[in-house]
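Only the coordinates and a few stated rules stand behind these numbers; no lab work does. These numbers were taken from a predicted model, which means no experiment stands behind them. Methodologically, a virtual Cβ is constructed for each residue, glycine included, from the backbone with ideal geometry; neighbour enumeration extends over all protein chains shown.
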Amino acid sequence: MAAVVRLGTCSWADEGLIAAWYPRGVNSAAARLRYYAERFDNVEVDSTYYTLPHPETAARWVERTPPAFTFNVKASGEMTGHRPGPGRETAFALFRSALEPLEVSGKWQGVLLQYPPWFTKTAEAKEELIAAGALVEPLVPFVEFRHRSWLEEHERADTFAFLERHGLSYVSVDAPRTTASNVVPPIAMATHRIAYVRFHGRNAKTWNIRGATSAARFDWDYTPEELAEWVEPLARLASSTDEVYGLFNNNNQDQAPRAAAILRRLLDEAGIPATGAVELEPDAPTLF
């Protein structure tokens with residue numbers, strides 16, 4: 001049986017979502033997460049890249065979501081070398097401690113390890129990945145590269161075999177169609193029993209603007225034709241894994257949930273099991 005493709009967004013609390021997606025009256029942190037969890041069964045938490053939450057905050061996330069809801073959480077900048085930190089083991093330990101309520105609840109699936117553009121393919125980088133995977137066990141280490149050296153044609157087979165050998169899940173990406181060194185090609189690949197795809201939009205004009213906000217960098221309205229390109233790759237991933245995540249990171253206004261809704265329709269039409277982007281009837285009872 002094919003795995004289910006679980007659609008979601010890379011945050012439930014972006015300024016754009018608050019301004020354009022949540023209806024009037026849904027204006028508290030609790031109400032927003034509950035509203036989101038009625039329509040999606042998973043979310044990627046990206047705020048942790050910048051600042052770790054207090055454990056009490058993570059506990060509230062658990063309380064405000066249904067039992068089967070899943071969180072995947074982005075590693076802090078200190079964990080992936082974006083910023084100087086207290087050392088690898090300490091950075092990972094602080095991260096796990098801050099989010100302990102998520103892990104205890106069983107709702108925390110994996111850690112998004114998004115590495116910077118200067119994390120090129122070397123023997124030392126491979127050792128760093130092995131160490132990171134060990135430090136997030138038993139959570140799933142989702143590895144996203146931002147340097148093309150890992151996915152050059154003559155390197156791909158080795159990269160994927162290495163990730164699979166060490167229990168690391170490759171993050172497939174949809175990103176601008178450009179030859180910039182910090183953009184990897186859109187290759188759908190599973191190196192773990194759980195596959196992960198992130199949709200960053202295709203805005204080549206803003207991708208490498210220094211100092212651009214994330215809303216500007218990932219400003220992209222996906223068309224049905226663009227997302228249709230992913231129906232067959234997602235079907236292939238679903239046929240060879242236990243679970244597939246499709247997370248939207250295009251985050252200007254309500255672009256992410258709108259794109260998720262388009263992809264959900266396409267998957268439904270193709271007969272591919274999927275969750276997320278549920279539109280409730282106005283008078284339908286909610287989960288809460």
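Quickly run through the range 16-55 and pick out the residues that are under 19 Å from residue 262 (Cα atoms), among the aromatic types (Phe, Trp, Tyr) and outside any helix (DSSP H, G or I).
Residues satisfying the conditions are 21, 22, 40.
Would you kindly identify the helices (runs of 4 or more DSSP H) lying entirely within the range 136-220 that contain at least 2 residues that are of a type outside the set (A, V, I, L, M, F, W, C) and closer than 24 Å to residue 81 by Cβ?
156-165, 214-217
Yes or no: residue 146 buried (at least 18 other Cβ atoms within 10 Å of the Cβ), closer than 22 Å to residue 245 by Cα, of a type in the set (D, E, K, R) and within 18 Å of the chain's Cα centre (by Cα)?
It is true that residue 146 is buried (at least 18 other Cβ atoms within 10 Å of the Cβ), closer than 22 Å to residue 245 by Cα, of a type in the set (D, E, K, R) and within 18 Å of the chain's Cα centre (by Cα).
How many residues does the range 233-274 contain that are in contact (Cβ under 8 Å) with a residue 12 or more places away in the chain, within 18 Å of residue 1 (Cβ to Cβ) and either out of contact with any Phe, Trp or Tyr (no Cβ under 7 Å at 6 or more places or on another chain) or among the acidic types (Asp, Glu) (or both)?
So the count comes out to 16.
Counting only residues that are closer than 14 Å to residue 136 by Cβ and surrounded by fewer than 17 Cβ atoms within 10 Å (Cβ to Cβ), how many does the range 67-95 have?
Number satisfying all stated conditions: 4.
Quick one: would you say residue 59 is closer than 29 Å to residue 6 by Cα, part of a helix (DSSP H, G or I) and touching a Lys or Arg at 6+ places or on another chain (Cβ under 8 Å)?
So residue 59 fails the test.
What is the number of the single condition among (1) over 25 Å from residue 13 (Cβ atoms); (2) of a type outside the set (Lys, Arg); (3) touching a helix residue (DSSP H, G or I) at 6+ places or on another chain (Cβ under 9 Å); (4) surrounded by fewer than 18 Cβ atoms within 10 Å (Cβ to Cβ) that residue 272 does not meet?
(4)
Do the conditions hold for residue 29, that is, is it touching a Pro at 6+ places or on another chain (Cβ under 7 Å), among the small types (Gly, Ala, Ser) and surrounded by fewer than 18 Cβ atoms within 10 Å (Cβ to Cβ)?
Criteria not met by residue 29.
Please work out which one of (1) without any contact (Cβ under 8 Å) to a residue 40 or more places away in the chain; (2) under 30 Å from residue 100 (Cα atoms) is the condition residue 140 fails and give its number.
Every listed condition holds for residue 140 apart from (1).
Just the residues that are over 14 Å from the mean Cα position of the chain (by Cα) and part of a loop (DSSP other than H, G, I, E, B), please, taken from the range 62-75.
Residues satisfying the conditions are 64, 65, 66, 67, 68, 69.
Can you name the residue in the range 228-245 that is assigned to a strand (DSSP E or B) and not hydroxyl-bearing (Ser, Thr, Tyr) and is also surrounded by the most Cβ atoms within 10 Å (Cβ to Cβ) among such residues?
244
Filter the range 186-221 down to residues that are more than 17 Å from the chain's Cα centre (by Cα) and not hydrophobic (A, V, I, L, M, F, W, C) and give me whichever is surrounded by the most Cβ atoms within 10 Å (Cβ to Cβ).
Ranking the candidates gives 203 first.
Looking at the structure I just gave you, is residue 171 over 17 Å from residue 245 (Cα atoms) and surrounded by 14 or more Cβ atoms within 10 Å (Cβ to Cβ)?
Against the criterion (over 17 Å from residue 245 (Cα atoms) and surrounded by 14 or more Cβ atoms within 10 Å (Cβ to Cβ)), residue 171 does not qualify.
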